[in-house]
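These notes concern the structure reproduced below.
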Amino acid sequence: MRRPYIFISIIATAVLVLSAIAASAQTGQLRGSVKLVGSDGKPAPVAGAIIDVYRTDISGEFHTKTDKKGEWVFAGLPFVGTYIVAVSAPGAAPNANSGVKAGREIPIDMILQAGDGRHLTREEAVTASKGGGGGPTSSSGGSESAADKAKREELIKKNEEIAASNKKAEDTNKIVGDSFKAGNVALTAKNYEEAVKQYDIGLAADPDQAALLTNKAAALKALGVEKYNAAIQTKDDAAKTAGIEAAKENFKNAAEASDKAFELIKKEPAVTDPNDQKRHEANKYAALSVRAEAYRLYVSKADATKADAGMAAFQDFIAAETDPAKKTKAQLDLAQMLLDAGAGDKAFTEYQKILTAQPDDADANLGAGLALFSTGDKTKYQEAANFLQHFVDKAPDTHKFKNDAKAILAEMKNTENVVPEKTPTRRKRP
């Protein structure tokens, strides 16, 4: 049995078109804990401690209190901002920590000393953070017992560990923030290799950054498209093979990065504030959009065995998409990906979902016909011809595949004696 070689040949050599994904604002969270050193020298959680977060790169401030476990969290803070975290509590000396970045998943844990419970103003928080905040003090007057000395030294050690941890967090925050900015500049300039390089610098410092992984996936798939298009246009066979293989590797890495980004976003704690929810959904949508497109390229051009994973990626995106036109476009892309992967029956099921709502959709009729014909099951040829004829009837003459569909219909008539029915029958949805 012969195949519709004209149509398939055109698909195999077609230049890929990259769907541009508009970069959305990225947000993250800050979290930490507050403890107060008691008379026994041991730090204990402080409930109701006041947490003031001041943004220092631009004007902005946020306020909350610790819970009964002495813990606190802010969700939905701008990823690129720089913050000071100030803490105050009854019976405690206030403290502050500067150079803090959101979304790094490094807790800001602070241990307070006994004090007057004073609350820091923004200016005082800036000053206190530069000086390192309040530190441990020895008791005034009298001699220090061995037990008191041991407690004091242990407290000093813990505070030094916290300071070191905060310094490490500050350094990591700076690396991640700089990497994010530099990568986005390169991505906007279509310097995709540089963008991947910059995002990798940030991920080396903190591998669990969903925003970096999402944007890296976008850069990798764009780089893969660039390499693929260049490869299929060259006349050098060796260069063509090398270019296509390099593109396939980019598509694979893009899919893997987008998977990890989505898994991290799913693990983010639930938020109740409407603005935070809106930011979270925007970040999730961007990750899902990049993931679906990455898998479309990976499955269609690199590894057809990943068709089920690609279908899951598209289904997640389609569920999140609210625009009817974009939803239909995604459904068509999913069905075409399955058709490219040789999964004709699965592709037909997806095309049928579109045709149930839009029976005259030209592209869905074309795809349904090709999907049935691609199975090689002759019992499906009549239905395949019906769909292809419906496409020919409905598609404008300018449609790039109209002549190919006519050629397939002619071949089916000549080789299989199959002609379209005047009143096409429609298969019910499975």
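Once you place label points 7 Å from the Cα toward the Cβ at Lys157 and Asp393, how far apart are they in nm?
Computed distance between label sites Lys157 and Asp393 equals 8.5 nm.
So how strong a dipole does the stretch 289-430 carry about its Cα centre when Lys and Arg Cβ are +1 and Asp and Glu Cβ are -1, to the nearest 20 debye?
Taking the Cα centre of the stretch 289-430 as origin, the dipole is about 200 debye.
Given points 7 Å out from each Cα along the Cα-Cβ axis, report the Glu245 to Asp377 separation in nanometres with one decimal.
3.8
Once Lys and Arg get +1 and Asp and Glu get -1 on their Cβ, which of Leu334, Met311, His390 lies farthest toward the positive end of the dipole of the stretch 273-430?
Projecting each Cα onto the dipole axis, the largest value belongs to His390.
Can you figure out the FRET efficiency of Asn403 with Glu194, using R₀ = 30 Å and their beta-carbon distance, to the nearest 0.05?
It comes to 0.10.
Students often forget the sequence filter, so: which lysines lie under 21 Å Cα-Cα from Lys69 once same-chain residues fewer than 8 apart are removed?
Excluding near neighbours in sequence, the set is Lys35, Lys42, Lys158.
Are any of the pairs Lys174/Lys327; Lys266/Lys327; Lys378/Lys400 more than 32 Å apart by Cα-Cα distance, and if so, which?
Where the Cα-Cα span goes over 32 Å, the pairs concerned are Lys174/Lys327.
Can you list the lysines whose alpha carbon is less than 17 Å from that of Lys248, not counting same-chain residues fewer than 8 positions off?
Lys216, Lys221, Lys227, Lys240, Lys301, Lys306
Which aspartates and glutamates have a Cα less than 19 Å from the Cα of Lys394, not counting those fewer than 8 places away in the same chain?
Correct list for Lys394: Asp360, Asp361, Asp363, Glu383, Asp404, Glu421.
If R0 is 41 Å, what FRET efficiency do you get for Gln315 and Ser39 from their C-beta distance, rounded to 0.05?
Rounded to the nearest 0.05, the efficiency is 0.10.
Give the residue list of chymotrypsin sites (Phe, Trp or Tyr not before Pro) in the stretch 241-303 that are DSSP loop and have at most 15 other beta-carbon atoms within 10 angstrom.
Hits after loop and neighbour filter: nothing returned.
With r as the distance between the Cβ atoms of Ala282 and Arg122 and R0 = 25 Å, compute the FRET efficiency 1/(1 + (r/R0)^6) and round to 0.05.
The calculated FRET efficiency here is 0.30.
No lab work stands behind these numbers, since they all come straight from the coordinates. Nothing here was measured: the structure is a model prediction, and the numbers come from that model. Glycine gets a Cβ as well: all are built from the backbone with ideal geometry, and neighbour counts include every protein chain shown.
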